[in-house]
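Report on one structure; see the data block that follows.
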Amino acid sequence: MSAVKVSDLDISFGSHAVIQGLNLAVQEGEFLVLLGPSGCGKSTLLHSIAGLIEVSGGRIEIGGADMTDAEPSERGIGMVFQSYALYPTMTVERNMSFGPRVAGVPKAEIARRVQRAAQMLQLEPLLQRKPAQLSGGQRQRVAIGRALVREAAVLLFDEPLSNLDAKLRAELRRELKLLHQQLGATMIYVTHDQVEAMTLASRIVVMKGGVIQQVGAPGEVYERPANLFVAGFLGAPG
Ligand code: ADP
Ligand code: MG
């Protein structure tokens, strides 16, 4: 069974067809990277899996169940965006525990999850701080932690590192890779950065104009690109 299965997906905004007849099966536990230039429909595809936008046609299955029309909260996913969107008045701990609290998870269980995520993300010394007292990298760690405490089987990332400087990006890339190994969760990760894709992915999906150009392991798409677009895009400096 696929962790996520997208079949014949169509998404239009007005008369603008952004995704047309897209098919994709995400394997359980894999780190799948959606790679392509700005405007090619990566976020649109990810948001449709998250249930944040309506699809025009097709089907989205998560964990084997039809979730095409399900509410975001019913889909069993966690999501990390490019901008942190933390609650400014809440401490790091409150920011991380907010989702499970609203969902009615017992207190002791929330504490256990926050503790575990904080330890994985080196946030333990920062739990009582407010977002304004954190660096950009620390804030993005909190945003990742907030997704982790949901303990979802599928985690979605939309360019989570693109607002950070090169050194922090490299550091968080290493952490994300480690996290994936520790969690065993299925990750779907959107980026336009070839280096990020090559270092993080178990498989890369190369997109252009809402259409998948190639799916394969990093070495495969790099060494045997399916067409000139893939060759040019992977060869270009990040
Ligand atoms: P990417 O994430 O790959 O940069 P997007 O999925 O954000 O690309 O956008 C794909 C296309 O869909 C772009 O042409 C964009 O302008 C358009 N688009 C995205 N969201 C909307 C929206 N809410 N309304 C209208 N057009 C949109
Ligand atoms: Mg995007």
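The values are calculated or read from the model by the stated rules, or taken from the named source; none is laboratory data. Quick caveat, the model's predicted, so the values are computed rather than measured. As a convention, Cβ positions derive from the backbone with ideal geometry for all residues, glycine included, and neighbour counts pool all protein chains shown.
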Self-check item: Which numbered condition Phe13 misses (of (1) over 24 Å from Gly232 (Cα atoms); (2) within 10 Å of ligand 1 (Cβ to nearest atom); (3) buried (at least 20 other Cβ atoms within 10 Å of the Cβ))
Solution: (3)
Quiz item: Cβ-Cβ below 9 Å, separation at least six or inter-chain, first residue in region 137-158 and on the phi > 0 side of the Ramachandran plot and assigned to a helix (DSSP H, G or I), second among the hydroxyl-bearing types (Ser, Thr, Tyr) and within 16 Å of ligand 1 (Cβ to nearest atom): which pairs?
Solution: none
Quiz item: Any residue in region 23-42 that is surrounded by 13 or more Cβ atoms within 10 Å (Cβ to Cβ) and hydroxyl-bearing (Ser, Thr, Tyr)?
Solution: no
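To keep it simple, each residue is scored yes or no on (1) free of Cβ contacts under 8 Å to residues at least 24 places away in the same chain; (2) among the aliphatic types (A, V, I, L, M); (3) loosely packed, with under 14 Cβ neighbours inside 10 Å; (4) within 16 Å of ligand 2 (Cβ to nearest atom).
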{"residue": "Leu46", "(1), (2), (3), (4)": "no, yes, no, yes"}
{"residue": "Ala50", "(1), (2), (3), (4)": "no, yes, no, yes"}
{"residue": "Ile62", "(1), (2), (3), (4)": "no, yes, no, no"}
{"residue": "Gly78", "(1), (2), (3), (4)": "no, no, no, no"}
{"residue": "Thr91", "(1), (2), (3), (4)": "no, no, no, no"}
Exercise. Being part of a loop (DSSP other than H, G, I, E, B) and within 16 Å of ligand 1 (Cβ to nearest atom) is the filter; apply it to region 159-199 and report the residue that is farthest from Lys5 (Cα to Cα).
Key: Asn163
Quiz prompt | Gly39 away from ligand 2 (no atom under 16 Å from the Cβ), within 19 Å of the chain's Cα centre (by Cα), modelled with pLDDT of 95 or more and not in a strand (DSSP E or B) | solution = no
Quiz prompt | Selection status of Val215, under 27 Å from Ala147 (Cα atoms), within 16 Å of ligand 1 (Cβ to nearest atom), modelled with pLDDT of 95 or more and part of a strand (DSSP E or B) | solution = no
Quiz item: Across region 83-136, what is the number of residues that are in contact with a Pro (Cβ under 8 Å, 6 or more places away or on another chain) and in a helix (DSSP H, G or I)?
Solution: 7
